[in-house]
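These notes are about the structure you will find just below.
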Amino acid sequence: MTTLIAPSMLASDFSKLGEEVRAVAAAGADYIHLDVMDGHFVPNLTFGPDIIKALRPHTDKVFDVHLMISPVEPYLEAFAKAGADIISVHPEATPHLDRCLQVIKGLGKKAGIAINPSTSERVLDYALEKADLICVMSVNPGFGGQAFIPEMLEKIARIRDLIRGRDIRLEVDGGVNPETGALCARAGADVLVAGSAVFKDGPAHYRAKIEAIRAAA
Ligand code: DX5
Ligand code: ZN
């Protein structure tokens, strides 16, 4: 599978989110990664379904919605209706992972499982068959611009093994740049989320930054 690049809008200019989405889409983004934070499951706040709905007309790219909220179940339908294509939930944020995956699929969306750095890949043992994407968090969720946790490379490789021939994407989120992205791809990742590495030097550089990560992978 080719490696997909998913710029995280968390690192973009929130005062002009629509423009920023169009800019990274035009610069070659494969997915648009949208980080939803609730100030409870993670120590930060971002945006909810209304903002995602407002962004939807700006691009046809896949909206990869990463929910860092607890409880999560009451909001799945709202994110589906807002235009999410992939909805990822954290097993650490719900006692009902299986039900969440079923609900997401029932809403006609792809279901993702995002796991924190200290969470074992064993959490996937009875959930993998219902997932379309596994997201390995390579930082502790809540903030952009943190350093990649190198121990996650081993986890990526183990999950690649678990997935084997299944049609499941393996995403890495946090601290991804051309160097760490290359290591992740070598370990088996095929979707790389990148926030600060894409956005830090402004719109004139989005294409080059995305291409640099893609080329390294
Ligand atoms: C962190 C978010 C990430 C974040 C990545 O909680 O889930 O998507 O935006 O940002 P960088 O690439 O700057 O680590
Ligand atoms: Zn994320």
With a Förster radius of 30 Å, plug the Cβ-Cβ distance of A208 and D50 into 1/(1 + (r/R0)^6) and report the FRET value to the nearest 0.05.
0.40
Tell me which residues come under 5 Å, amide H to amide H, from Q146 once H is placed; ignore anything under 5 positions away on its chain.
G175
Distance from the Cα centre of the stretch 6-53 to that of the stretch 171-217, in angstrom?
16 Å
Residue of E179, E73, E171 that the Gaussian network model of the chain assigns the largest fluctuation, springs spanning Cα pairs under 10 Å:
E179
Just need log10 I(q)/I(0) for the stretch 4-216 at q = 0.08, 0.09, 0.12, 0.13 Å⁻¹, Debye formula, equal scatterers on the alpha-carbon atoms, no solvent, rounded to two decimals.
-0.23, -0.30, -0.54, -0.65
Would you work out if the stretch 134-217 is rounded, prolate or oblate? Take a ≥ b ≥ c from the square roots of the eigenvalues of the alpha-carbon gyration tensor; rounded if a/c is under 1.5, else prolate when a/b is larger than b/c, oblate otherwise.
prolate
So, for the Cα atoms of the stretch 43-152, Rg and Dmax in Å stand at 13.8, 39
Members of K130/K209; K16/K109; K110/K209; K81/K209; K61/K105; K105/K209 lying beyond 29 Å, as alpha-carbon distances in this model show
K130/K209; K81/K209; K105/K209
Estimated distance in nm for a label pair at R22 and H40, the labels positioned 7 Å out from Cα along Cα-to-Cβ:
3.6 nm
Under the rule of -39500 (n - 2.57) per DSSP H run of 4 or more residues, summed and divided by the residues of the chain, what mean residue ellipticity at 222 nm is obtained, to the nearest 500 deg cm²/dmol?
-9000 deg cm²/dmol
Sorted by average packing, counted as other Cβ atoms within 10 angstrom per residue and highest first, what order do 49-59, 76-86 take?
76-86, 49-59
Sort the following peptides by mean Cβ neighbour count (other Cβ atoms within 10 Å, averaged over residues), highest first: 190-201, 135-146.
190-201, 135-146
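Here, each number is a calculation from the coordinates, and none is a lab measurement. Just so we're clear, the structure is a prediction, and the values are computed from it rather than from any experiment. Heads up, the Cβs are rebuilt from the backbone with ideal geometry, glycines too, and the neighbour counts pull from every protein chain shown.
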